[in-house]
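No lab work stands behind these numbers, since they all come straight from the coordinates. It should be emphasised that the depicted structure is a prediction, and the values quoted were computed from it without experimental measurement. We place every Cβ from the backbone using ideal geometry, glycine too, and count neighbours over all the protein chains shown.
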Amino acid sequence: MNIIILYDTLTGTTHETAEVIAKELETLGHRVTLHRPSIHGRQPQLDGRDLIILGSPTYGDGQLEANMAMFTNSFSCDFSHQKVAVFGLGDRSYPQFCQATELLEAWVAKNHGTLIAPILKVDCFAKDVTPVTTWVRELVTK
Ligand SMILES: Cc1cc2nc3c(=O)[nH]c(=O)nc-3n(C[C@H](O)[C@H](O)[C@H](O)COP(=O)(O)O)c2cc1C
């Protein structure tokens, strides 16, 4: 599959997770593009993608990371014929754990899409990436 991972990060853990996802997908034979709106711009090429993976950490009491917030506020598209999945980084010590992922899901719905798999919520980036690779392996069967 031709896959894009569209995410942003402030302190790097969402980037590390995106790289784990990309590596696992590549190991499984897929082609992956990593796209950060803060670096690569707010107009990602989504046409021709077989799977779009969106990711954001949660900041500011349950909000999207600032660059992902600016991206979702300025970009719209039609996900009705595309496979979409969402992951996010957070910390369970906050009451709104990984709430940015739910905001991403709502944005996908606003753009006529539905998620093909349960949201992956990562509680702080850990050395054990098994939950991430397990999620990826399930994702590609959908
Ligand atoms: C000021 C601040 C606010 C945060 N708010 C939340 C929150 O509401 N919910 C949550 O799950 N995590 C929250 N976090 C934790 C971050 O989402 C977590 O550290 C994440 O791994 C950061 O991702 P990044 O390294 O990709 O920027 C917060 C962290 C900081 C520093």
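Points worth noting:
- The single condition from (1) at positive phi; (2) more than 16 Å from the ligand (Cβ to nearest atom) that GLY113 fails is (1).
- Of all residues in the range 88-101, exactly one satisfies the criterion of being more than 7 Å from the ligand (Cβ to nearest atom), buried (at least 19 other Cβ atoms within 10 Å of the Cβ) and more than 18 Å from SER38 (Cα to Cα), namely THR101.
- Taking the range 26-45 as the range and being under 14 Å from the mean Cα position of the chain (by Cα) and not polar (S, T, N, Q) as the test, the residues that pass are VAL32, LEU34, HIS35, ARG36, PRO37, PRO44.
- When each of LYS121, LYS127, LYS83, LYS142 is tested for being without any contact (Cβ under 8 Å) to a residue 12 or more places away in the chain and either more than 16 Å from the ligand (Cβ to nearest atom) or among the basic types (Lys, Arg) (or both), the lone residue that passes is LYS127.
- The residues on offer are GLU65, GLU105, and the sole one that is closer than 19 Å to ILE3 by Cα, within 14 Å of the chain's Cα centre (by Cα) and within 16 Å of the ligand (Cβ to nearest atom) is GLU105.
- Residue list for the range 18-39, restricted to those being loosely packed, with under 14 Cβ neighbours inside 10 Å and part of a strand (DSSP E or B): ARG31
- Cross-chain or 6+ apart pairs with Cβ under 7 Å, the range 36-48 first and without any contact (Cβ under 8 Å) to a residue 24 or more places away in the chain, then assigned to a helix (DSSP H, G or I) and charged (D, E, K, R): none
- When restricted to residues that are more than 17 Å from THR114 (Cβ to Cβ) and within 16 Å of the ligand (Cβ to nearest atom), the range 41-62 contains 8.
- Filtered by the rule that a residue be farther than 24 Å from GLU24 by Cα and in contact with a strand residue (DSSP E or B) (Cβ under 7 Å, 6 or more places away or on another chain), the range 59-93 gives LEU64, GLU65, ALA69, THR72, ARG92.
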